[in-house]
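Engineer: Have a look at the structure that comes next, please.
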Amino acid sequence: MRVLRRGEDGPAVAEVRSTLTALGLLPSTNGAGSGSLFDEAVEHAVRTFQQIRGLITDGVVGPATYRALRDATYQLGARPLAYLVSAPVSGDDVLTLQNRLLELGYDAGRPNGVFGAQTEAALRNFQRDYGLGVDGICGPETLRALRQLSPRARGGSPVLLREQERVRKAGPRLRGKRIVIDPGHGGPDAGVLVRDIREADLVWDLARRLEGRMVATGMQALLSRGRDQCPTEADRAHFANDVGADLFLSLHNDANRSPLAQGVASFHFGTADGSTSTIGETLAGFIQRELAVRTGLRDCHAHRKTWDTLRLTRCPAVRIEIGYLTNDEDRRRLADPAFRDVVAEGILVAVKRLYLLGENDQPTGTFTFEDVLRHELAKAE
């Protein structure tokens, strides 16, 4: 669908208004004649919805917001649910199913509202254990069984425990760990462009600097795109899944209409109802603290979001917005290769901290690339 914003009119806007009204975010027009107009009230409702769903809060209905609006209309039981390889089903009904399976002790993976292979496997295991037809489809019979059974345990987070255990088992060494580095934009998409400084070029250079440092430690560092390519967010996430990445790091610069906006922010998968990637949240916090201390950029903190690169990756994923190109001071610093070296070192150290699990650690901002290399060599002996 086309992008919808304030001032638009027509059937597509009427559909958006109807969905927002059904969600209780917009009063009914009651025949007032504005049922197909994208007015101020609709923009406010869209912003509220975007904030609730962890989307960019711009009041514009683009592909991500439209998908989220559509997903919000589905309730468990309204349609059969199954794994479709070419076009996975998504929606709030899938999210409810995933949470229900997790409550019953079945590993449906991170509850992200996408019916993938892991959700299907968990559903098949449930059907097998309870004597149902094992078809991987959540139809009426399976739904009745899901509703009749009591959770095996309440409280806690099985997803949290599984993610933590995977990191613990991976050990403190970086060697062999597979990291996908995702430089944002690329090809014809320059990203933010200010005074001939292109976001796509800056994050490409930063990605290569980070890649070199990671390879030096023995890690497998993979770039999500070539210099002249611009995959979709979903394609970048699928690439990470296909290569079996341990972590996914997406690099971006930010922009704002106000030239005073500045700083660094980090983002991980998380929803308003508390679903989150625990390790993603931990890594985002490490990266945020390291970069804020090392660079002196304003600390804009770590936040939960449901962007596709965070939602669709099976591994912990973090997106880092490093400085505002619309801010003179941030832009000047980002244009300096030595500054980008500092950023690359900070991200690498944050990854190392994640796997150290608090052992043999040092204060934020003091761990160096040389320290990391020494630690790796010491562990190898």
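The values are calculated or read from the model by the stated rules, or taken from the named source; none is laboratory data. Just so it is clear, the structure is predicted and the values come from calculations on it, not from any experiment. Note: ideal-geometry Cβ built from the backbone for every residue, glycine included; neighbour counts use all protein chains shown. Accessible surface is based on the protein model in full, side chains and every heavy atom, while ligands, DNA and RNA are left aside. Shrake-Rupley method; radii C 1.70, N 1.55, O 1.52, S 1.80 Å.
Engineer: If I ask for residues that are open to solvent by 40 Å² or more (accessible area, probe 1.4 Å) and over 20 Å from the mean Cα position of the chain (by Cα), which ones from the range 183-196 would you list?
Structural biologist: PRO188, ASP189, LEU193, ARG195, ASP196
Engineer: Would you tally the residues in the range 232-258 being over 21 Å from GLY346 (Cβ atoms), in contact with a helix residue (DSSP H, G or I) (Cβ under 7 Å, 6 or more places away or on another chain) and not hydrophobic (A, V, I, L, M, F, W, C)?
Structural biologist: So the answer is 2.
Engineer: Could you run through the range 206-226 and say how many residues are surrounded by fewer than 16 Cβ atoms within 10 Å (Cβ to Cβ) and either more than 25 Å from ARG314 (Cα to Cα) or in contact with a strand residue (DSSP E or B) (Cβ under 6 Å, 6 or more places away or on another chain) (or both)?
Structural biologist: 2
Engineer: Return the residues of the range 106-136 that are more than 30 Å from the chain's Cα centre (by Cα), open to solvent by 30 Å² or more (accessible area, probe 1.4 Å) and not hydrophobic (A, V, I, L, M, F, W, C); say none if nothing qualifies.
Structural biologist: Scanning the range 106-136 gives ARG128, ASP129, TYR130, GLY131, GLY133, ASP135.
Engineer: Of the residues in the range 22-37, how many are modelled with pLDDT of 95 or more and polar (S, T, N, Q)?
Structural biologist: Counting residues in the range 22-37 that are modelled with pLDDT of 95 or more and polar (S, T, N, Q) gives 0.
Engineer: Of all residues in the range 9-21, how many are farther than 16 Å from ARG70 by Cα and either open to solvent by 50 Å² or more (accessible area, probe 1.4 Å) or modelled with pLDDT of 95 or more (or both)?
Structural biologist: Looking only at that region, the number is 1.
Engineer: In the range 275-381, which helices (runs of 4 or more DSSP H) lie fully inside it and hold 2 or more residues that are over 30 Å from GLU103 (Cβ atoms), without any contact (Cβ under 8 Å) to a residue 60 or more places away in the chain and of a type outside the set (S, T, N, Q)?
Structural biologist: 278-295, 328-334, 337-356, 369-380
Engineer: Tell me, please, whether a residue that is hydroxyl-bearing (Ser, Thr, Tyr), surrounded by 13 or more Cβ atoms within 10 Å (Cβ to Cβ), within 28 Å of GLY109 (Cα to Cα) and touching a strand residue (DSSP E or B) at 6+ places or on another chain (Cβ under 7 Å) can be found in the range 36-50.
Structural biologist: no
Engineer: Got a sec? Which of VAL318, VAL349, VAL342, VAL293 is touching a helix residue (DSSP H, G or I) at 6+ places or on another chain (Cβ under 7 Å) and open to solvent by 20 Å² or more (accessible area, probe 1.4 Å)?
Structural biologist: VAL342
Engineer: Given (1) closer than 15 Å to ARG314 by Cβ; (2) touching a residue at least 24 places away in the same chain (Cβ under 8 Å); (3) open to solvent by 10 Å² or more (accessible area, probe 1.4 Å), identify the lone condition not met by ASN256.
Structural biologist: (1)
Engineer: Report, by residue number, each residue of the range 51-89 that is farther than 16 Å from GLY113 by Cβ, assigned to a helix (DSSP H, G or I) and open to solvent by less than 60 Å² (accessible area, probe 1.4 Å).
Structural biologist: none
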